[in-house]
Amino acid sequence: MIAPADGNGIAIVPVRGIVFGMTGFVRRFLRLLAAAFRDLLPIALVITFFQLVVLQQPFPNIERVLIGVVFVAVGLTLFVRGLEMGLFPLGEAMADAFARKGSLTGLLTFAFALGFGATVAEPALIAVAAEGARAATEAKVIADDPDALTSYALHLRLTVAVSVGVALVIGVLRILKGWPIHYLIIGGYIVVMALTTMAPPEIVGIAYDSGGITTSTITVPLVAALGVGLATVIRGRNPAIDGFGLIAFASLTPIMFVLVFGMVVGGR
Amino acid sequence: MEILRHTLNTLAATIVDVTPIITILLVFQVFFLRQKLPNARRIVVGFLYVVGGLALFLVGLEEALFPLGRTMAAQLTAPEFTGTARAAGADWRDYLWVYAFAAGVGFATTIAEPALIAVSLKARDISGGTIHVLGLRLAVAFGVAVGVALGTFRIVTGTPLPFYIIAVYVIVILQTYCSSKSIIPLAYDSGGVATSTVTVPVVTALGLGLATAIPGRSPLIDGFGLIAFACVFPIMSVMAYAWLTAWLLRLKGRSEREKPR
């Protein structure tokens, strides 16, 4: 067993006869594909166990499920490959270019735009905002008509998108200045706790959940590469200590902003 | 050819989703930075891989995992399965399989989460290999499993969400003061990373199903909160993982020193 240099930290057994004669591209693709199938194994086991042992039911549309699994595995393989080819180098190159340019306003504007733009159209957020609007009508905060629902959901979405923009601005400033992250996050937690006691109860669940759904699969790698890139090019910063943390802010500020949103709209 | 149409629709939707990000990147690249990107062609191809890969990934999830996950969540929480009498109210012991399912699904979907793979690869690169990709992912997945299981328990018992979250925050703050400086930002990040494409839909379906099935719970009020749990617990488990690996290293060092020569 050998550990591949560029896989997901997996160990696979290279079969000489098969691998021989293949181009590096195909070989790398197959290695990633094997890793993807391994990543899907837990889901297969959990679902099979509960379906057959606990619920004691046969699998519905087994061939459809199998086709789906192949799609998921190939998709994951392409994604990871594209990550290393595209998203990571892009985030690092842009971090480098911003540092060279030396314009703080430019960098912070970019951070805000990236956070806002990546969040405002996020499908998971659109779904949760709609649910949130329905919860608000149930709590009699807004009228139960389509216009009020749409407007509430849109404002909720904009609130979350602004909060993620603000989060990336704070996060980038932290990397530039080298502020220790835990003071900011713990301070944030204390603010969240204080706001929770003041906010109307029907918004609390949505607020806490909104922190988790803002960070999409394309934003995360880009933002991680940007943070690590900035921490690498700026003198006196250690990428291991200062590079991460942008996503942490992006999952904390939405909680605060949505709680405040609930207090303003809920009108206590 | 239904699946082909589904794939094309999802591909179109994914392209629409990434349009704002690409626009922002392009605007800043072209009008502000005005620097040539190294390997621009390779980056574009990589971007196409990411978008295409994500679209295929989503189609596969929607074909295979999501319908099955939703049906199973509904079946496991149904009163016919749990044996809960509608009138008597819920007893938390009727839902043991639900907690087990929540933990299993939380763990399994997190392992398949592409965003977590991305962050783990970055963490390995900048830590010089001291952080293992699989170790970190297992730690995060374990945290999500515990979080989602506890979250379903909260929905069943109907205890207030802020109570749990505040207790967890206190533990996170205490752990932060005992952790090494280099793991803290990564631990804080892992919460937001764990809940993405795969985990959110399945976990949300579980929460809504549970809140609908249990007498006295409203899906709109009590259905929320599972994501929040899935988001905080990895912070704890990643800090615990770092502490555990450091402790194992120390133990190994000590036993080697004490070896008789």
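The values are calculated or read from the model by the stated rules, or taken from the named source; none is laboratory data. Please read all numbers here as calculations on a predicted model, not as lab measurements. Don't worry about glycine lacking a Cβ; one is built from the backbone with ideal geometry, like all the others, and counts go over all protein chains shown. Side chains included, ligands, DNA and RNA excluded: accessible areas come from the protein's heavy atoms. Shrake-Rupley method; radii C 1.70, N 1.55, O 1.52, S 1.80 Å.
For the residues B:L96, B:L54, B:L26, a GNM of chain B with alpha-carbon springs under 10 Å puts the largest fluctuation on B:L26.
Between the listed residues A:H182, A:P89, B:I3, the Cα displaced farthest toward the positive end of the dipole of the protein assembly as shown, a dipole computed from Cβ unit charges relative to the Cα centre, is found at A:P89. From the largest down, the protein assembly as shown spans 66, 65, 56 angstrom on the principal axes of its Cα atoms. Using the Karplus relation 6.51 cos²θ - 1.76 cosθ + 1.60 with θ = phi - 60°, the per-residue 3J(HN,Hα) values for the range B:169-186 come to 4, 4, 5, 4, 4, 4, 4, 4, 6, 9, 9, 6, 4, 7, 9, 4, x, 5 Hz, with x marking Gly and Pro.
In what order, largest first, do B:C178, B:C231 sit by accessible area if the probe radius is 1.4 Å? Working shown, then result.
Working: B:C178 105, B:C231 15 Å².
Largest accessible area first, the residues go B:C178, B:C231.
Ranked from the most accessible area to the least, with a 1.4 Å probe and all protein chains present, what is the order of A:F257, A:F49?
Descending order: A:F49, A:F257.
Between A:V141, A:V162, A:V120, the Gaussian network model of chain A with springs among Cα atoms under 10 angstrom shows the greatest mean-square fluctuation at A:V141.
Using the Kyte-Doolittle scale, find the helices of chain A whose mean hydropathy is at least 1.6 and whose Cα atoms extend 15 Å or more along the helix's long axis, counting only whole DSSP H runs.
Working: long enough: A:24-48 (35 Å, 1.26); A:62-82 (30 Å, 1.84); A:88-101 (20 Å, 0.08); A:104-120 (24 Å, 1.76); A:123-138 (23 Å, 0.68); A:146-177 (46 Å, 1.30); A:181-198 (26 Å, 1.76); A:201-213 (20 Å, 0.58); A:219-233 (21 Å, 1.99); A:246-266 (30 Å, 2.34).
Span-like helices here: A:62-82, A:104-120, A:181-198, A:219-233, A:246-266.
Using just the C-alpha positions of the range A:78-179 as equal point scatterers, what log10 of I(q)/I(0) does the Debye formula give at each q in 0.12, 0.19, 0.23 1/Å? Debye output, listed in q order: -0.57, -0.94, -1.13. Dimensions of the range B:210-261 along the principal axes, based on C-alpha atoms and rounded to the nearest Å, stand at 68, 17, 9, largest first.
Using a 1.4 angstrom probe on protein heavy atoms only, the contact between A and B buries about 8800 square angstrom of accessible area, both sides summed.
When the convex hull of its Cα atoms is viewed from all sides, the range B:87-126 shows a mean projected area of 4.1 nm².
Counting helices only, and only those DSSP H runs with n ≥ 4, report the 222 nm mean residue ellipticity of chain A as the sum of -39,500 (n - 2.57) divided by its residues, in deg cm²/dmol to the nearest 500. Before the final figure, lay out the partial values.
Values: 11 runs with 196 residues, N = 268.
Per the formula, -24500 deg cm²/dmol.
When the residues B:H132, B:H6 are ordered by accessible surface, computed with a 1.4 Å probe over the protein chains alone, the sequence from largest down reads B:H132, B:H6. The convex hull drawn around the Cα atoms of the range B:107-261, when projected onto a plane and averaged over every direction, covers 10.6 nm².
To the nearest 10, the accessible area of B:W97 is 110 Å² with a 1.4 Å probe.
Only lysine pairs 8 or more places apart, or on different chains, with alpha-carbon atoms under 26 angstrom apart are counted in the protein assembly as shown, and they number 8. The base-10 log of I(q)/I(0) for the range A:155-268, evaluated at q = 0.15 Å⁻¹, reads -0.64 [Debye formula, identical scatterers on Cα atoms, solvent excluded].
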